[in-house]
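The values are calculated or read from the model by the stated rules, or taken from the named source; none is laboratory data. Here the structure is a predicted model, which means the values were calculated and not measured. Quick reminder, even Gly has a Cβ in these numbers, built from the backbone with ideal geometry, and neighbours come from all protein chains shown. Ligands, DNA and RNA are stripped out before the accessible areas are found, and what is left, the full protein with its side chains, is counted by its heavy atoms. Shrake-Rupley method; radii C 1.70, N 1.55, O 1.52, S 1.80 Å.
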Amino acid sequence: MKDILKNINKAFDHRIRLGMMSVLMVNENADFNTLKELLGATDGNLASHIKALELEQYIHVEKQFIARKPNTQYSITAKGRKAFQEHIEALEKLIPKG
Amino acid sequence: MFFKVLYMETKDYLQDIREIKNMMSQSTQFISLSGLSGVLAGIYALIGAYMAGRILPQPEYRYFEPHNTQETVNSLILIAMALMVLSIGTAYIMTVRKAKRIGESIWNKSAKRLLVNFAIPLATGGIFSLLLLLQTDYKLIAPVTLIFYGLACVNASKYTLRDVRYLGLTMVVLGLISVAFPGYGLYFWAIGFGFCHILYGAVMHFKYDSK
């Protein structure tokens with residue numbers, strides 16, 4: 001049992017973080033409002049989960065200005081992609097076949 | 001007891017996988033839309049508008065006026081049909097090519113959503129224009145095609161590159177302005193379908209395709 005759970009990544013053990021990684025897996029990048037809308041999160045809630053993933057170096061944060069308004073783009077890092085793939089594989093192993 | 005715990009956790013992880021799949025498909029945008037095909041469609045539109053201008057009685061350049069003969073109207077419809085076939089054909093071929101290049105499937109879920117959401121306002125506008133044509137009420141056809149095409153772009157833009165939204169909004173504004181200038185529809189039509197397509201197509205091409 002311990003063995004199977006080894007690859008289950010605690011960093012993804014929350015709906016928001018899981019969703020954010022899923023979105024970034026299939027999109028080159030996403031901005032704060034897009035993520036907020038997709039995940040149905042509040043500003044503060046989303047920001048804290050972003051911070052957690054950023055600390056793990058799973059996502060890359062790029063701040064820029066569009067028409068003098070701050071716009072932050074998030075993208076997945078190579079490390080994050082690998083960790084998330086391993087997480088998905090571990091999840092699949094846990095699900096009973098059939 | 002142990003089995004109960006295992007069962008609970010399994011159920012949770014199934015939910016996780018569902019969430020992952022759901023988020024992935026919901027957020028995927030169809031990014032294979034080719035910018036260059038927009039530029040080409042714009043060029044076709046300008047050529048078409050020029051030809052239409054030549055057919056119309058000089059020097060007024062007023063399209064679809066009641067004094068136009070049935071023959072003129074038929075030629076205009078023919079030009080419009082040719083433009084539509086050429087533009088859709090080019091867009092299809094170039095988008096398939098781009099999709100192949102970047103490894104996106106052409107007929108995926110986001111492509112379907114894009115097409116359906118684009119088609120609903122567009123078909124409405126198309127039928128509206130045909131009805132106007134049948135009633136020989138020609139002067140609203142240019143505004144109607146511009147406005148409904150613009151709305152189709154705005155509606156579809158959620159599922160593809162964001163620039164399509166601004167193209168759509170520009171078209172809607174042009175269409176509304178052109179209502180105030182009856183008889184000058186061909187000019188607005190050339191600006192909208194010609195210049196705007198070229199402009200936004202070029203922006204999209206340099207932003208995404210030439211990377």
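Within segment A:31-38, one or more residues are within 13 Å of chain B (Cβ to nearest Cβ), more than 11 Å from the chain's Cα centre (by Cα), of a type in the set (Val, Ile, Thr) and open to solvent by less than 60 Å² (accessible area, probe 1.4 Å).
Residues that are at pLDDT 90 or above, open to solvent by 60 Å² or more (accessible area, probe 1.4 Å) and in contact with a Phe, Trp or Tyr (Cβ under 9 Å, 6 or more places away or on another chain) occur in segment B:78-86; there is at least one. The set of residues from segment B:13-28 being open to solvent by less than 50 Å² (accessible area, probe 1.4 Å) and facing another protein chain (nearest Cβ under 7 Å) comprises B:13, B:16, B:17, B:19, B:20, B:23, B:24, B:27, B:28. Residue by residue through segment A:60-98, note down the ones that are free of Cβ contacts under 8 Å to residues at least 24 places away in the same chain, within 13 Å of chain B (Cβ to nearest Cβ) and surrounded by 11 or more Cβ atoms within 10 Å (Cβ to Cβ). Result: A:85, A:88, A:92, A:95. Could you give me the residue pairs with C-beta distances under 6 Å whose first residue belongs to segment B:83-102 and is within 30 Å of residue B:51 (Cα to Cα) and in contact (Cβ under 8 Å) with a residue 24 or more places away in the chain, whose second residue is open to solvent by less than 40 Å² (accessible area, probe 1.4 Å) and among the aliphatic types (A, V, I, L, M) wherever it lies, and which are 6+ apart or on separate chains? Once the first residue is within 30 Å of residue B:51 (Cα to Cα) and in contact (Cβ under 8 Å) with a residue 24 or more places away in the chain and sits in segment B:83-102, its partners that are open to solvent by less than 40 Å² (accessible area, probe 1.4 Å) and among the aliphatic types (A, V, I, L, M) give B:87/B:41.
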